[in-house]
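Working notes for the structure below.
The values are calculated or read from the model by the stated rules, or taken from the named source; none is laboratory data. Just so you know, these numbers come straight off a predicted model, no measurement behind them. Note: ideal-geometry Cβ built from the backbone for every residue, glycine included; neighbour counts use all protein chains shown.
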Amino acid sequence: MSTTRVFRAVLTAVLPTVILALVVVLTGVGAFTGTARADSPRSRTTTASAGAFTPASAAHRAVAPSQPAPEPSDVVQTYFRVLNDRDFVAAWAIGGRQHIAGRTYDAFVASFNTVSKFDVTIESVDGNKVAVKLDAAQTDRTHRHYAGTYTVADGVIVAADIHPE
């Protein structure tokens, strides 16, 4: 058998596996970057910033059940930080698909077309329920205000009860 045939046979057998592994690695890295952490248990206004929880740690809960779930307020902060970063894949994974039932990913992304930035104030945390006030800065420089609660389970937002103020 010639070297060319051997090379083709090996390439044909190995290439799909290499491509799949590369896609998995790049998707994991690109889709789940960033962190956020609440800086105090008291009420505060913030744009989510650096800390211990990452969307990847929520994704790993199924693999490592002994890993403690992130604090519910950290999950909510991370959700708004990734939205502000326009990382809709991570936002969808953290809770977009759960609390916007019946909507597609594209509809989820489109729902943020007029929002330039969210400022979230954590009002209180009661178990897995996080009470928030939201200031949604619009692209036309106006602001819309919302209030309500997010329910978090195992590092993911599973329900939302948010209404205009």
Counted residues, the stretch 152-165 - those being without any contact (Cβ under 8 Å) to a residue 40 or more places away in the chain and either buried (at least 16 other Cβ atoms within 10 Å of the Cβ) or more than 18 Å from G95 (Cα to Cα) (or both): 2
Considering residues of the stretch 101-150 that are crowded, with 16+ Cβ neighbours inside 10 Å and in a loop (DSSP other than H, G, I, E, B) only, the residue modelled with the lowest pLDDT: F112
Number of positions in the stretch 125-151 that are at positive phi and among the small types (G, A, S): 2
